[in-house]
């Protein structure tokens, strides 16, 4: 007999796990934010081989003890209210419940048929959320039925990196089709299809990684197809530089295929001007070539649930796709990237392949099979957690959450400005403050190391062009309150000497 | 104030969720296996807009009621003991607990530093599992420390599709490097790098999809770079056909870059002969070109925890990578693909890019950053669930699980063979029985539709070359017992008239 966990044991240990989580989140401030262990510490603590025998009745007590003793010291506590590093990666009660039920139902949503609820709930909550952040209707599905007229819709991808990659695949498919190469019986075009891609020097590294995976860059430094466009003094893409690059590429025989505009760059939450970029694509004739404009709003998109921040998406109606991560700053645990496109046919054209063993009546009737919108075949029931978050918080709850972080960021910015040893080195557009000690990079690096090694707070750095080493302070953890922000500043101020 | 869920509410609703799951799994046989709803049924039931207001105290009762009333009828019950479709997608108590704690800890494991435990536990349990399925030592990490000598190691990818894609990226990187193109200061090679890829006609569709994403196929039918090699009468790749294709490509100036051998094809669990394929790569001189041999053992790899099935991996010591899915047939819920390579440097060479905002002391000290082993940047703490499964079941528990399914498959096969209206149409190598009614395809299709529309059992089909429409019966659900298998056959027999 296979020693499955009995229903009684499952209930008991699952209730213990719930209490473990509640206790963990309740006492999280007592732990060092950044794990203080050394490479190998945990690996070397664990047994060299898998256990041979099935665990006895006491094994689960051992597991929970090991979790506390061996694992937790190796955790960097992303949920700590004193976590100000990178961008946040939120978790919340409703999201944990969604993830739990997703695991418990054990659903595989690769096809509509393999769990229609997994697909249809996703289509619906993506419509809800798209509307909340103010996307034009043609980015939404608006219907789960095959008779729908539009060509838009939303889907949950794992991460913004994957969204950037699938959008690139869709872009290439569309531009190549227009170039005449996808139809094997069409006459050959006069010149080969040579795609060119554009993003800013401040774009996320996942754009370059997507180009590498897609075969359009042999290394991070390969610029055969990829152009990194200069930014203005506020670290946003310079549309005039984009226009020059596109015109030069057109002259050289390239087909401008893919443009990634960033709304909220990782280094400084700079906002690329979507409307001006769209204007460049129109004035250079790129629209006729099928050039795809993707908006990477991974972190900042969440803020658009508040009408007062919606202007950062001005021009989105000219974009082909947009992605943002509720798993960053919208209370939904990783992974949950919401990807919207106005051209789902190009997306599925780039990614769909249907072997016999996947054919089924649902697909035949035109229902959405989300496997054709993503890289993997299989998919979890991630819509559950997003549904729970939306039902628990409601739109007003989401807005008050974002607004509170914006308010705290104003507070922090004013604290930094009040100390003339420091300077703010990038415009604050939302919940990220970029600052540094006036003077040497080395002093800033030392300061950051001291702060992080204390375990009291955790923040990270970047290097901004024309500025140098920059300390980033991002206020986005679920549990962060004003006193955490003020205490963090006090600690930074004191540590700076 | 943001209306976060209170700790008290979280405990109460989480305990309710646990009971919901336990009750669901306990009563799962009372539900139709295949969801019987129509496209749009759920989408149209849900409100048109996200809720505006934060849920009141009663909202969670409403959510659980909606889960039962609206969502569950739209679930195809992969965990039902009467689920015999596709390949299984297991969930178990220990795995659910791992997923739950992963969500509760809210860890982001993109870098070693962002939670060392997430990386080091993963490295360790992948070593455990690699050893259990009999992988040679050079596929294992064997150490989390930077001083390690080897170039191998394991990582959790989301799915086998992603494993196939990252292996392709690594393969291309290595072959291109050997071709002399990656070093910009090297003299140009005499001919451009033209990679060719090989897999069998029975390989999973994800190989073609990987080629499309990687820019090596413009459509599922594009054979510019991709060769689909014929199979023998048992649906396994024919090494002689592979050799002919490689020799022809070499003559044409292609660089054989990537070969995917399947151990346990999706249609019939056919087993490609790894050792003979490796021999072909050697005899054609491909080894010197860097040709990468990847083993896709997505479903079958789990069986290798039993020594008596380990022979299907004979020759694996000549492969460059192998992947299998504990989320299919090893009691660990989706997603959990275990990917092993002997050449991690080529993998990270293809996928690594380090912007300033990700630089950190852990990376500098040579610790593993699993972000460089995968497509996304972010990653969940998936090692927890695998650890829990291994500790709960132990190696002996995993083996007894696999052996029981093998035994039940023998039982089912003998039942089919005893009824001379039916025929077995592919050799049974493990837990999949391929059979059909003798006679017309249409009769088999009608039979399958009747079976699935009953809601009593769920199975799927394929088309095998030289055979035609084939019904697949895969025994791999966690809860399936002998009486389910016998009842399923009785129902099939009766439905066939």
Task: Cβ-derived FRET efficiency at R0 25 Å, residue B:411 paired with residue B:308, nearest 0.05 - done: 0.90
Task: 222 nm mean residue ellipticity, helices alone, for chain A (DSSP H n ≥ 4; -39,500 (n - 2.57); rounded to 500) - done: -12500 deg cm²/dmol
- [ ] Kindly work out what percent of the DSSP beta bridges joining two residues of the protein assembly as shown are antiparallel, to the nearest 5.
- [x] 55
Open item on the list: How many angstrom lie between the Cα centre of the stretch A:310-331 and the Cα centre of the stretch A:474-497?
Closed with: 28
Open item on the list: Modelling each spin label as a point 7 Å along the Cα-to-Cβ direction, I'd like the residue A:345/residue B:151 distance in nm, to one decimal.
Closed with: 4.8
Open item on the list: If you build the convex hull over the alpha carbons only and average its shadow over all orientations, what do you get for the protein assembly as shown? Give it in nm² to one decimal.
Closed with: 36.5
Task: Across the identical copies, how the residue B:443 labels are spaced - nm, sorted shortest first, 7 Å along Cα→Cβ - done: 8.9
TODO: On a C-alpha basis, how far is the centre of the stretch B:51-83 from the centre of the stretch B:405-454 in Å? Whole number, if you could?
DONE: 35
- [ ] Compute the label-point distances linking residue A:70 to its equivalents in the other copies; points lie 7 Å from Cα along Cα→Cβ; give nm, one decimal, shortest first.
- [x] 4.3
- [ ] Can you list the distances in nanometres, one decimal and ascending, from the residue A:287 label point to the identical position in each other copy, with the point 7 Å along Cα to Cβ?
- [x] 5.9
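Assign one of three labels to the stretch B:93-497, namely rounded, prolate or oblate, based on the Cα gyration tensor with a ≥ b ≥ c the square roots of its eigenvalues; rounded applies when a/c is under 1.5, prolate when it is not and a/b is larger than b/c, and oblate otherwise.
Details: a/c = 2.15, a/b = 1.30, b/c = 1.66.
Note, shape of the stretch B:93-497 comes out oblate.
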- [ ] Subtract the Cα-Cα distance of residue A:224 and residue A:244 from 0.36 nm times their separation in residues, and report this length gain in nm to one decimal.
- [x] 5.6 nm
- [ ] When a/c is below 1.5 the answer is rounded, else prolate if a/b is larger than b/c, else oblate, so apply that to the stretch A:221-359 with a ≥ b ≥ c taken from the square roots of the Cα gyration tensor eigenvalues.
- [x] oblate
Task: the stretch B:424-469, Rg to Rh (Cα coordinates; Rh as Kirkwood inverse mean 1/r) - done: 0.97
Open item on the list: If R₀ is 35 angstrom, what is the calculated FRET efficiency for the pair residue B:16 and residue B:36, using the beta carbon separation as r and rounding to 0.05?
Closed with: 0.80
- [ ] Please give, to one decimal in nm, the separation of the simple spin-label points placed at residue B:72 and residue B:403, each 7 Å out from Cα toward the Cβ.
- [x] 3.7
Open item on the list: For the rotation taking chain A to chain B, which residue of A has the Cβ nearest the axis, and how many Å away is it?
Closed with: A:215, 1
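Which value, in Å³ per residue, describes the convex hull spanned by the Cα atoms of the stretch A:311-426? Present the calculation step by step, with values, prior to reporting the outcome.
Details: hull volume 20.3 nm³, N = 116.
It is 175 Å³ per residue.
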Task: Beta bridges by DSSP in chain B, antiparallel share as percent, to the nearest 5 - done: 55
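So for the stretch A:105-387: antiparallel DSSP bridges make up what percent, rounded to the nearest 5? Walk me through the intermediate numbers first.
On the way: 11 of 28 bridges.
So the antiparallel bridges amount to about 40 percent of the total.
Taking neighbour Cβ counts within 10 Å as the exposure measure, how do A:124, B:328, B:251 sort from fewest upward? All intermediate terms of the calculation are to be shown ahead of the outcome.
On the way: A:124 24, B:328 28, B:251 8.
So the residues, fewest neighbours to most, are B:251, A:124, B:328.
Fewest to most neighbouring Cβ within 10 Å: what's the order for A:406, A:212, A:312?
Values: A:406 18, A:212 25, A:312 22.
Lowest to highest Cβ neighbour count: A:406, A:312, A:212.
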Open item on the list: Please compute the length gained on full extension between residue A:57 and residue A:137, using 0.36 nm multiplied by the number of residues separating them and subtracting their Cα-Cα distance.
Closed with: 23.3 nm
Open item on the list: Please arrange A:131, A:482 by how many other C-beta atoms lie within 10 Å of their C-beta, fewest to most.
Closed with: A:482, A:131
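No value in this document is a laboratory result; all are computed from the given coordinates. These numbers were taken from a predicted model, which means no experiment stands behind them. Glycine gets a Cβ as well: all are built from the backbone with ideal geometry, and neighbour counts include every protein chain shown.
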